[in-house]
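Notes follow once the structure below has been shown.
The values are calculated or read from the model by the stated rules, or taken from the named source; none is laboratory data. Because the structure is predicted, anything quoted here is derived from the model rather than measured. Virtual Cβ from ideal backbone geometry, glycine too; neighbours counted across all protein chains shown.
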Amino acid sequence: MKQTFESSLDELEKIVKRLEEGDMALEESLEMFERGVKLSRDCRERLTSAERRIEVLIKDADGEIGVQPVMLEPVN
């Protein structure tokens, strides 16, 4: 089962914190880094998908559904 966006982001934050601490063996660090990259890509894909959905759902001033670009803040 796929993680939610929030749980993926939470796990990514924990991975970054552990990597910044630098107290792991090289192999463990590499595995954590690989997992972090995977989570980061997954989160980015979900945000991109959400942006597309928002663009479709925005209505114009006349009440007609239109497409307007929406930029979400990047995740740090």
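Could you list, in sequence order, the residues of the stretch 40-64 that are at pLDDT below 70 and surrounded by 10 or more Cβ atoms within 10 Å (Cβ to Cβ)?
Passing the criteria: K59, D60.
Could you list, in sequence order, the residues of the stretch 1-31 that are among the basic types (K, R) and assigned to a helix (DSSP H, G or I)?
Matches in the stretch 1-31: K14, K17, R18.
If a residue must be under 21 Å from S8 (Cα atoms) and either at pLDDT below 75 or of a type in the set (G, A, S) (or both), how many such residues does the stretch 25-39 contain?
Adding up the residues that qualify gives 2.
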